Amino acid sequence: MTQDNPLLDVRNLTKFYGAQIGCARVSFDLWPGEVLGIVGESGSGKSTLLNCLAGHLPPDRGEVIFDTRAEGPKDTLTMSEPERRMLGRTDWAFVHQHARDGLRMGVSAGGNVGERLMAVGARHYGEIRDQALDWLGRVEISESRIDDRPTTFSGGMQQRLQIARNLVTGPRLVFMDEPTGGLDVSVQARLLDLLRGLVRDMGLSAIVVTHDLAVVRLLADRLMVMKDGHVVETGLTDQVLDDPQHAYTQLLVSSVLQV
Amino acid sequence: MTDQSYNFAYLDEQTKRMIRRAILKGLAIPGYQVPFASREMPMPYGWGTGGVQVSAATLTPSDTLKVIDQGADDTTNAVSIRKFFERTADVATTTATSDATVIQTRHRIPEEELSEDQILVYQVPIPEPLRFLEPRETETRKMHALEEYGLMHVKLYEDIARHGHIATSYAYPVKVEGRYVMDPSPIPKFDNPKMEMAAIQLFGAGREQRIYALPPYTKVVSLDFDDHPFEASKAPQDCALCGASDSYLDEVITDDDGSRMFVCSDTDYCEKRREGQAA
């Protein structure tokens, strides 16, 4: 891992759904330890972009170059599938909007956290369990719940469990798709607080897709505003939010309800 | 005498040829599930349609067949399959493990050690060891192809978390030659160590349309954790009939008052021991 290379270097990423544009000619760099927010309204291509980046959707054009630990910068789109899946369970993490999509609901909380460890070869029950306990503690889930299934957890707890499950292998890049969607505001606040702490402590890089400007204000260093599949404005978060240049960004910022 | 209305061993020659190709492929890639065009057999799914097809493709007129069901030669499933091949193939049948050249089994491996000139055919209900962990077949195939077997350990983890030890006692997952994770069919885990044997082992799943195989002396390792090693468990008693302490036991309820006895599940093994004691 060298500091001279960006962690993720995206060039001209384009995805069409037939004649419809998913996202078009998106380019950006993400540096180690940096959090990038992607905002825009529903249907603006945020999630398409995120899924293309994370390898869940094959884009039509473009490059996603990731600075791998072993071999340096490498295009993840031309990488072989085993390599990409290996990245997906070691250096990458994906936090789904709905915790149910990212958790195994029939498996206990401990098993959920331990799965990635076992997937990379951990074969000592005691150690796996200790790490699961440690991570449940870090995401503020009581140790006594380790053998309970996520079905018995509240929405906020499920989301925190999903985060623990993803971060247990110490990834370097986290993709988050609306991490606070569907949670009530006080739970959102706690989750954001937790995420901010984890991102700072672990030096994580993250790409956060959201339509909630408060989330990016708190988490993101840089911001990308998308509309109809195109990036219309980029910049430092505070700069974009306090002094929006593009008409759409101005609309977006002024649409936030003030309490 | 063979029933002349049927081809030898019921299946037509082209079908047997197709199954033999699947068997050969299975032997070439130990533990890999080979798809095959499973035929309807004159018995319900779950009664050993896969095993019967593999046996039918394996039998020759000079073979001696033994069929066991949970170790016993005289239970419904064993009797009906034995009669089926007596009628359609006219092969000699036996209950003695050492006399048989082909043994079709449901859920047991005979206690007596098998030799290089024998074939053991298993009936398999669910060939996919990852089935209840990952419901998508497309995904499990990918996981086999890429050797992503972490999920199998999640199942064992759950066992320990819930019961304090690995409570899976049958169909215990094994790793074959350091590559494929395989479901050994619902044999008790007591039988798992016996799978490294001299005989050829063939597995047929009729409804699921899969055949897989273990060539002789293939390395078969039962999955476990470093701090919770695999244990081949059985009931702690000795057999009430022959006194064997080293064979897998069935618990038999003998009356309505809860009396019970433990006897060898392998009836041939038990009878031979008792004959030996009487002599």
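Taken together, the values in this text are just the output of simple stated rules run on the coordinates, not laboratory data. Since we're looking at a predicted model, the values are computed, not measured. When we count neighbours, we look across all protein chains shown, and the Cβ atoms used for this are built from the backbone with ideal geometry, even at glycine.
Worth a mention:
- Annotation for region A:172-228 versus region B:158-187: alpha-carbon center distance of 40 Å.
- Reachable lysines, given that their alpha-carbon falls under 17 Å from the alpha-carbon of B:Lys66 and they are not under 8 places away in the same chain: B:Lys83, B:Lys272
- Neighbour net charge for A:Ser142 - beta-carbon separation under 14 angstrom, K R +1, D E -1: -2
- Of B:Phe36, B:Phe203, B:Phe262, the one that fluctuates the most in a GNM where chain B has Cα springs shorter than 10 Å: B:Phe262
- Most positive-pole-ward Cα, A:Pro179, A:Ile163, A:Leu136, against dipole of region A:39-180 from beta carbon charges: A:Leu136
- Added length on full extension, which subtracts the Cα-Cα distance from 0.36 nm per residue, B:Ala96 to B:Ser80: 4.0 nm
- Mean shadow area of chain B, taken as a quarter of the surface of its Cα convex hull (nm²): 16.7 nm²
- Environment charge at B:Pro173 (Cβ cut-off 9 Å; Lys +1, Arg +1, Asp -1, Glu -1): +1
- Gyration tensor (alpha-carbon) shape descriptor, chain A, a/c threshold 1.5: oblate
- For B:Lys194, the lysines whose Cα falls under 16 Å of its own Cα, not counting residues fewer than eight places away in the same chain, are B:Lys175, B:Lys219, B:Lys234.
- Under 12 Å from a label point set 7 Å out along the Cα-to-Cβ vector of A:Leu236, no amide N atom of region A:196-211 is found.
- Shape category assigned to the protein assembly as shown from the gyration tensor of Cα positions, a/c cut at 1.5: prolate
- Three-way shape label, region A:29-125, alpha-carbon gyration tensor, a/c 1.5: oblate
- For chain A, share of DSSP beta bridges that run antiparallel, in % to the nearest 5: 55 percent
- Exposure proxy ranking, count of Cβ atoms within 10 Å, fewest first, for A:Ser80, A:Ser44: A:Ser80, A:Ser44
- Debye, to nearest 20: dipole size of region A:158-216, +1 on Lys, Arg Cβ, -1 on Asp, Glu Cβ: 260 debye
- Using alpha-carbon coordinates, inclination of helix A:155-167 to the longest axis of chain A, degrees: 90 degrees
- GNM result for chain A, Cα springs below 10 Å: residue of A:Gly110, A:Gly170, A:Gly18 fluctuating most strongly: A:Gly18
- Environment charge of A:Ser47, counting only residues whose C-beta is closer than 15 Å and scoring Lys/Arg +1, Asp/Glu -1: -3
- Rounded to 5, the percent of DSSP beta bridges in the protein assembly as shown classed as antiparallel: 55 percent
- Fewest neighbouring Cβ atoms within 10 Å first, the residues A:His56, B:His107, A:His211, B:His153 line up as A:His56, A:His211, B:His107, B:His153.
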